[in-house]
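Working notes, structure below.
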Amino acid sequence: MKQILRYLVPTAVFVIFAFWILAVKNGFMLRWYDEMSLFEPGTASLNEFLHYPGGIFRFAGTFMTQFLFYPALGAGALIILWLLCAWLTGSAFRFSGAGTPLCFLVPFCLLASILHFDEACLTFESQGYVFYNTIGFTFSIAAYALFVCLRRYRYAGAAIAVILPLLYPLAGFFTLLAAAMCAIALSISAVRDKNAYLLAVPALSVILTAAVPPLYYRFFNGTTADNDYLYLKGLPELTMNGYDMYLWQPFAIATALLVIFTLVSAFTDREKTKSSKTAAWSSATLFLAGMICCIGADARKSEQLRATVLMIDAIERHDWKKATHIMSLTKESPNYTMCVLDNLARAYCGMPRKSTEGMTTETRDFRHNEDFTINAFVDVPVNHNIGRFNQSHRWATENNVLYGKRVYFIRYIVRNALMNGDIDFARKFNRQLKRTMFHRRWAEETERYLDNPELIKTLPDYDFLSALRSEEIMRGE
């Protein structure tokens, strides 16, 4: 009974904590991440992903991102994957009893990577980000667990250690990580058994791990990957500049943890640590530290961003009063983006506008640059709602091309084309939304106006403010 409780208690705590902080506290952000992605089914899309190392995980992650349309459903899918990851961790590294909480450290890292993923998603192709990292690390752990299971059979474990680097075109960084873990385990066994011949297998695995990525880039002409950070392909397309370090941290920590787990499992006695009080307190402390780190990652997200996302959602639904109400509840000083959105809502509500004179855009770094958020949150929706459809279309199209296809921008491309009377163009992009799982309903409702253009006058968008009043919105004049 005691052993069962040692497994159930951390599992229950993790599930409740993860669901609360994702679905309850940040459900609106999950829904926004779905807006910032687009899954295109079909072999053409799959082939495009397969021409990138680890692309198969990105394809799966982009598909799974659709479930974030319903935050509880998306959070539930993530938690199931993390529970699988934890179970595989326990099986691969022989964590049980007192060591059970250690199984959740990698899932905590992956949870933190989502919690502090904020407006950065606007500045790189981040489709599938919420899911594909979890799928990738789960693959790495599963591959190592298979190696541990089969290494008792002659040559089977060695074969896996050699084969894994060859899977780089499919799994990218994650298969290299698994190969490195296998090489470490085999090297420790060879040294322990004082068998120099056994070192040949991990040596070959390391050579392949080092050689396969450059060879792939050199000879596979169809790849869409560049030569930068070849060994990290499969992880998010981030840079090594300082402003991206906070985004790298969860993945670096998760990788380090897996290497440490490999070493610990090779040098410790499972039966002794299973009931050790020191191990129990240590693993419980690390488990608690994981929760605290996730809370810290969530706290890093500014109230301005939270309020902006909520205001954008209200404007999308033409709930102008709610948009102004959100603005009134914000405790932090509003930024320029929030003030413009508030002025738009106030204009539709017949309320006096507030001046934005003297306000400057905030630029902490490349990932937190308000000029980027203005493109997405002001230039696209505000211009559309004051009748400047060509301006709105320009920014929606530019962002959609520059940073990858996204539901949010495609919806405005359709709306602007519809209001401009370009029915064929609107229908072309509307078909992309019809192929999605949950945005299909919006596309089908819009198709009614495409088939009957005379109904456009009944749209809420049709009763727009005059473009001559744009200064009143942008500057509050």
Taking region 234-248 and keeping residues in a helix (DSSP H, G or I), of a type outside the set (Asp, Glu) and touching a residue at least 60 places away in the same chain (Cβ under 8 Å) leaves GLY242, TYR243, TYR246, LEU247
By residue number, the members of region 39-58 that are in a helix (DSSP H, G or I) and either buried (at least 23 other Cβ atoms within 10 Å of the Cβ) or of a type in the set (S, T, N, Q) (or both) are THR43, SER45, ASN47, GLY55, PHE57, ARG58
Going through region 279-296 in order, the residues found to be at pLDDT below 90 and open to solvent by less than 40 Å² (accessible area, probe 1.4 Å) are ALA279, ALA280, SER283
Among (1) touching a Ser or Thr at 6+ places or on another chain (Cβ under 9 Å); (2) more than 30 Å from LEU170 (Cβ to Cβ); (3) not polar (S, T, N, Q), PHE39 falls short only on (2)
Within region 24-34, the residues that are part of a helix (DSSP H, G or I) and open to solvent by less than 20 Å² (accessible area, probe 1.4 Å) are GLY27, MET29, LEU30, TRP32, TYR33, ASP34
Is one or more of the residues making up region 143-159 surrounded by 24 or more Cβ atoms within 10 Å (Cβ to Cβ) and within 30 Å of VAL401 (Cα to Cα)? no
From the option list TYR197, TYR231, single residue qualifying as in a helix (DSSP H, G or I), open to solvent by 40 Å² or more (accessible area, probe 1.4 Å) and in contact with a helix residue (DSSP H, G or I) (Cβ under 6 Å, 6 or more places away or on another chain) is TYR231
In region 442-477, anything at pLDDT 70 or above, out of contact with any Phe, Trp or Tyr (no Cβ under 8 Å at 6 or more places or on another chain) and surrounded by 12 or more Cβ atoms within 10 Å (Cβ to Cβ) is listed as TRP442, ALA443, GLU444, THR446, GLU447, TYR449, LEU450, PRO453
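Per-residue answers, yes or no, for (1) more than 26 Å from LEU110 (Cα to Cα); (2) at pLDDT 90 or above; (3) over 25 Å from the mean Cα position of the chain (by Cα):
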position	(1), (2), (3)
ALA145	no, yes, yes
ALA161	no, no, yes
PHE173	no, yes, no
ALA178	no, yes, no
ASP193	yes, no, yes
LEU198	yes, no, yes
When region 302-329 is checked residue by residue, the ones that are touching a residue at least 40 places away in the same chain (Cβ under 8 Å), part of a helix (DSSP H, G or I), of a type outside the set (A, V, I, L, M, F, W, C) and within 16 Å of ASN26 (Cα to Cα) are ARG306, THR308, ASP313
| task | Take ILE16 and decide whether it is modelled with pLDDT of 95 or more, of a type in the set (Val, Ile, Thr) and open to solvent by 40 Å² or more (accessible area, probe 1.4 Å). | result | yes
Contact list, first residue from region 110-124 and farther than 18 Å from ALA307 by Cα, second anywhere and among the hydroxyl-bearing types (Ser, Thr, Tyr), beta-carbon distance below 6 Å, six or more apart or interchain, is LEU110/THR134
The one condition ASN383 fails out of (1) modelled with pLDDT of 85 or more; (2) open to solvent by less than 30 Å² (accessible area, probe 1.4 Å); (3) out of contact with any Lys or Arg (no Cβ under 9 Å at 6 or more places or on another chain) is (3)
Filtering region 84-103 down to residues that are over 18 Å from the mean Cα position of the chain (by Cα), more than 15 Å from ALA279 (Cα to Cα) and not hydroxyl-bearing (Ser, Thr, Tyr) yields LEU84, ALA86, TRP87, LEU88, ALA92
Quick one: is PHE104 in a helix (DSSP H, G or I), open to solvent by less than 10 Å² (accessible area, probe 1.4 Å) and of a type outside the set (D, E, K, R)? yes
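The values are calculated or read from the model by the stated rules, or taken from the named source; none is laboratory data. Keep in mind it's a predicted model, so treat the numbers as computed, not measured. All Cβ positions, even for glycine, are placed from backbone atoms using ideal geometry, and neighbour counts span all protein chains on display. Side chains included, ligands, DNA and RNA excluded: accessible areas come from the protein's heavy atoms. Shrake-Rupley method; radii C 1.70, N 1.55, O 1.52, S 1.80 Å.
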